[in-house]
Structure formats: structure tokens, C-alpha cells
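Structure record follows, encoded as C-alpha cells.
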Amino acid sequence: MMKKAGTKNPVFMLDEVDKMSMDFRGDPSAALLEVLDPEQNFMFVDHYLDVEYDLSQVFFIATANVLHTIPPALQDRMEVLRLHGYTEPEKVEIAKQYLVRKQRLQTGLTEQNIIFTDEALTTIIRNYTREAGVRNLEREIGNICRKVARKVVKEGGKYTLELTAKNVSEYLGVLKFRDSERHERSEVGLVTGLAWTEVGGSILTTEVATVDGKGKLTLTGKLGDVMQESAQAAMSYVRSRAHRLGLPRDFYRNLDIHVHVPEGAIPKDGPSAGITMATAIASALSHIPVRRDIAMTGEITLRGKVLPIGGLKEKLLAAHRAGIMEVLLPADNEKDLADVPENLRNVMKLRFVNTMDDVLAYALERPLPEVPDDDSPGIAALPPTTEPAPAHQ
């Protein structure tokens, strides 16, 4: 390829390096180590030519979807740049400026034959594609253009179609995806969380129910290990703060608590649902509804601290799509607001929280009962022993 480029300092694109495999035929990642490492590649020896060659002036760009399948030694030779998926407004602009024009040309249509409105493009993006890029969006626009081209052939070159949100389904069929919307009313034990996915953000409802039992915590909804541990940490925090919720210390002895995250067929994992589950459990036990117009995301510790999360931009866009304009975020994520589009920051009310007490103060419809604070919440005092303690030497 260097001979084909005719220069010793070309740009090389190594696509999908996370898909490399190792078998009896060899290990490509070990060979790439020698190629990419600037300490070695100035005297790279190819086993076919068997002569040294200087690769140090080649500019290598590697792409990957995930990092965990790339060997750590190879990652160490690379500078990692994380690229976010396109937001919905960005996809609309890309479609208007490039994709629609490209598909019209390919199908032989003119601007008079088919007009895509912004509402139609938004409907296609929301209800017919679910991706980080625009590959499927271009495919769906192409589907519509081909169907319109057929009508132009049948009815003549003066045929015109204005594509709107209402008539998209006539060309693309039944909706493939439906975005979740906020709940119809505020309920006890029902909280709106936010999740990051590979194709952008989505809202994640968390439900908690309490039933008579013996203190068992049940988790359903195809939750991953990290999310299950978050639920257990949330439960331990709530138990340690039982007095703050107006509950007896041993309330859990007679109750089973069931935490469920709907859309049970879809795997879910990650620590950022910690405060969501803690709020849902606290609401179910205190019988105070959670506001339906508020969403939240953040990791929880046993002490009730709220830790930062990733994917802030995508999560806020998901809340905005669902019509939720108030979001609780970890205080340490305030520095990440630079990644969030300015129009989103202006229309949404973002509240930054440090502890679970802050979260409950904002999220619950009415304040928790006033209870005198305790230095060691949830820890029962031990009875004095009859035997004297041994003296220290």
C-alpha cells in the first residue's frame, strides 16, 4: 500500500481492530505491536521481504467499537479518542444536507418529486432506526425514494410527494421502535432513571413493591452483576437510614422487597441506576409518591454519596425526548456540561446532588417526616457484657 501511495508518510486506516482474533495461524495483534510502536517501527522487519524498513513516518488511524477486546499492550501504543454517537438534531441536519440529496440522485428523482419535512425525518430517526450513526437512516430514506420513483414512472414526472410525520408509515410500515414517555401520574415506588446505550440514551423505569415476607430482596428485569450490586447497596443504604424514613430498625424482618426494571427481555447493566433504585425503595417504604416529571442518574455508595456517571449528553437527550425537563445529576458531573448542546442546557432544569438526602428532597412529592438525626443510623446498641473487658498490656 505504501508503494501504491507513492510516499513513505501516508495515512493508514486500520478498520475494526477490535475484531482481531488469535488462532494457530498467528496473532495479528502481536504483529501490530511492532508496526504501531514508535520505539520499534523505524526498523520494522517484514518476514516476506526480510529487510528493515522505516514505518515511523506513517500516520496510523485505527477504529473500534469497543476497547475491552483489544489487548492491553496494543492499547498502550494508541491514543484513544472516544467519539459520541450523533444526537437527534445532528442526524436531522445530516439527512437534510447529505443523505436525502444522495438518495434522490441515486433514484433519479428531483426536488419537486419528493420533499422531506423536518418532522418526517425526526419520525424516521425515532421510530424506524436505533443506531449511533446514520447508516440505517440512509437506508430508510432510500426505501422511501425508491417507492416514490416507482410512482413517478407510473404517473409521470410531475408527481409530487411531501413526506410528513403522518404519512411516513404508508411508506415504511408499522413503527419499529417506540420511545418511552413519562408516566401518566406520580406513584409510590415508581422512578424514572436514565440509561446510556450504544445507540444513544433511553429512559429506564424502576419499580419497587413491598410484600409480606422475611426480608428477601428480589431483583428482576435481566439485570447485570453491577446493577444487582447497585440494588443491594441501595437496599443497605435505606436500611441504615430507616429512622430517617420513619421506619422501625427491624422493618425488613417482615417485608420482602421486589425491584423490577421493565422491558425484562433487554439486558441492563451499569452502576448509574444506584440512586434511582434507592429512591424507589425509599418511596415504597415511606409510601410517598415520586414526582413523575423528574428523572435521575448516579451511582450510590453505602454512605449515601452520589458518584459521577458517564454518557451525560445521551442521557439528557433521552429525558428531553420523553418530555422530562428536570434531571438530578451527580455534582461531580457538572464539569461535563460542556459536552451538552447549549439549547438543551437552556430548556432543562439540571439539579446537581451530592447525597441521597438531596435526591430524596427533590424527587419525593412531600418531605420525609422530621426525625432527630443519629450519629450511627441503623446500628442497634449492643447490651453491656457482664464480664469486665480485659486490661491492655
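Laboratory data are not the source of any read-out in this text; all were calculated from the coordinates shown. As the structure is a prediction and not an experimental result, all values here were calculated from the model. With ideal geometry, Cβ positions are generated from the backbone for all residues, glycine too; neighbour counts draw on all protein chains shown.
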Ile114, Ile203 arranged by Cβ crowding within 10 Å, fewest neighbours leading:
Ile203, Ile114
Taking 0.36 nm per residue of separation between Thr110 and Met13 and subtracting their Cα-Cα distance, the length gained on full extension comes to 31.3 nm
When only DSSP loop residues count, what trypsin sites (Lys or Arg not before Pro) in region 86-174 have their Cβ near at most 11 other Cβ atoms within 10 Å?
Lys158, Lys166
Out of the chymotrypsin sites (Phe, Trp or Tyr not before Pro) in region 75-127, which ones are loop residues according to DSSP with at most 15 other C-beta atoms within 10 Å?
none
What does the charge dipole of region 88-172 about its Cα centre add up to, to the nearest 20 debye, if the Cβ of each Lys and Arg holds +1 and the Cβ of each Asp and Glu holds -1?
420
Modelled label-to-label distance, Met22 and Leu307, 7 Å Cα→beta-carbon offset: nm?
3.0
Assigning unit charges at the beta carbon (Lys, Arg +1; Asp, Glu -1) and nothing else, what dipole magnitude in debye, to the nearest 20, does the chain show about its Cα centre?
1820
Between the DSSP loop rule and a limit of at most 10 other Cβ atoms within 10 Å, which GluC sites (Glu not before Pro) in region 74-168 are left?
Glu79, Glu111
Across Lys268/Lys315; Lys19/Lys313; Lys96/Lys335, pairs whose alpha-carbon gap is larger than 24 Å:
Lys19/Lys313; Lys96/Lys335
Charge dipole of region 88-172 about the Cα centre (unit charges at C-beta), most positive-ward option of Thr160, Ala120, Thr107:
Thr107
Which of Val340, Ser240, Leu204 sits closest to the plus end of the dipole of region 190-363, meaning its Cα is farthest towards the positive end, when Lys and Arg get +1 and Asp and Glu get -1 on the C-beta?
Ser240
Percent relative contact order for the chain, counting Cα pairs under 8 Å at least six residues apart, stands at 13
For Leu14, what residues show an amide H to amide H distance below 5 Å, using hydrogens built from the backbone and excluding near sequence neighbours?
Ile61, Ala62, Thr63
Distance from region 297-348 to region 181-251 (C-alpha centre basis), Å
19
